[in-house]
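Following: one structure in structure tokens, then a few remarks.
The values are calculated or read from the model by the stated rules, or taken from the named source; none is laboratory data. Everything quoted here is computed from the prediction, not taken from an experiment. Cβ: placed from backbone, ideal geometry, glycine included. Neighbour counts: every protein chain shown. The area values use the complete protein model at the heavy-atom level, side chains included, leaving out ligands, DNA and RNA. Shrake-Rupley method; radii C 1.70, N 1.55, O 1.52, S 1.80 Å.
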Amino acid sequence: MTKREDLHVVKTSTPVDEALEMLVQNRISGFPVIDDDWELVGVVSDYDLLALDSMAGCGLADTNSNMFPEVDSTWKTFREIQRLLSKTSGKVIGDVMTPSPLVVRETTNLDAAARLLLETKYHRLPVVDSAGKLVGMITRGNVVRAALEIKKKAEGA
């Protein structure tokens, strides 16, 4: 689990542009959304931010299902991302986050958390205490690392 002090978090009032910058700078794909008392109020992912396009009522311009990309597809993708980013102006995380997300408690065992990650196909789950305050995040990577450590200990014993 990534502990609270090592997490990158946002609040509902955080501008979407600022969150996008944080995603890129920190090479992460999502955030827990907290209030001033560290109570978890939602989550936001790169997927939610990309969904701004569909929230505005228009999908990506090129829906060509051709198996091979066109020569200028990179340029088209760049233009689509620019168009998407133009829609973030004035939006805050509270506009795009998923409220009341699925969570695990800090007392949840690793097997149960891993099973939940697999069943939901989520990349990460917030970990909260009994009061709903964020104490960390558990990711697929955390589970893989823990499983590898357990395997190494078992082989070494």
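Exactly one condition in (1) under 18 Å from residue 96 (Cα atoms); (2) modelled with pLDDT of 60 or more; (3) open to solvent by less than 60 Å² (accessible area, probe 1.4 Å) is false for residue 81; which is it?
Among (1) under 18 Å from residue 96 (Cα atoms); (2) modelled with pLDDT of 60 or more; (3) open to solvent by less than 60 Å² (accessible area, probe 1.4 Å), the lone unmet condition for residue 81 is (3).
For residues that are outside any strand (DSSP E or B) and open to solvent by 50 Å² or more (accessible area, probe 1.4 Å), scanning just region 36-51, find the one that is farthest from residue 1 (Cα to Cα).
My answer is 50.
How many residues does region 19-35 contain that are touching a helix residue (DSSP H, G or I) at 6+ places or on another chain (Cβ under 7 Å) and either open to solvent by 60 Å² or more (accessible area, probe 1.4 Å) or farther than 22 Å from residue 133 by Cα (or both)?
Summing the residues that are touching a helix residue (DSSP H, G or I) at 6+ places or on another chain (Cβ under 7 Å) and either open to solvent by 60 Å² or more (accessible area, probe 1.4 Å) or farther than 22 Å from residue 133 by Cα (or both) in region 19-35 gives 2.
When region 98-136 is examined, which residues are found to be open to solvent by 100 Å² or more (accessible area, probe 1.4 Å), more than 18 Å from residue 48 (Cβ to Cβ) and not charged (D, E, K, R)?
Passing the criteria: 107, 118, 130.
Test each condition in (1) at pLDDT 95 or above; (2) surrounded by 17 or more Cβ atoms within 10 Å (Cβ to Cβ) for residue 139 and report the one that comes out false.
(1)
Hey, residue 76 hits all of (1) open to solvent by less than 70 Å² (accessible area, probe 1.4 Å); (2) among the basic types (Lys, Arg); (3) modelled with pLDDT of 95 or more but one; which does it fall short on?
Here residue 76 meets the rest and fails (3).
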